[in-house]
């Protein structure tokens with residue numbers, strides 16, 4: 001079965017709302033500095049990213065994040081990304097050390 005993101009429902013017709021439910025208990029905190037650091041593998045196809053400081057991140061593969069070939073994320077911004085289940089996220093500092101919080105979406109049939 002294909003994994004699907006668990007989302008909220010609205011009204012008496014139980015219409016799906018395009019707002020995922022987040023698995024905070026399954027989240028990860030990845031400390032970053034001037035050396036790239038990687039998350040553990042992530043099972044969900046959708047994640048929420050929040051960094052305490054400016055950083056650059058890269059999804060999947062064995063490549064380490066770097067300023068030239070990665071995506072910039074400003075500190076304090078909430079950002080959602082689709083990923084391939086099993087991917088890791090590599091992160092590196094944009095100038096100041098900090099932490100990247102990775103919160104996966106809940107999956108149907110999950111807790």
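Observations
- Spin-label model distance (nm) - residue 52 vs residue 72, 7 Å beyond Cα toward Cβ: 2.3 nm
- Remark: 91, 50 ranked as 50, 91, counting other beta-carbon atoms within 10 Å and listing the fewest first.
- Linear extension gain, residue 108 paired with residue 41, 0.36 nm per residue minus alpha-carbon span: 22.2 nm
- Prolate/oblate/rounded label for region 7-104 (Cα gyration tensor, a/c 1.5): prolate
- Residues residue 64 and residue 84, FRET efficiency given R0 of 22 Å [Cβ-Cβ distance, rounded to 0.05]: 0.75
- Computed over region 7-104, relative contact order equals 40 percent, with contacts defined as Cα pairs under 8 Å that lie 6+ residues apart.
- Region 7-104 - share of DSSP beta bridges that are antiparallel (%, nearest 5): 100 percent
Every number in this text was worked out from the coordinates using simple rules, so none of it is lab data. Just so it is clear, the structure is predicted and the values come from calculations on it, not from any experiment. All Cβ positions, glycine included, derive from the backbone under ideal geometry; neighbour counts span all protein chains shown.
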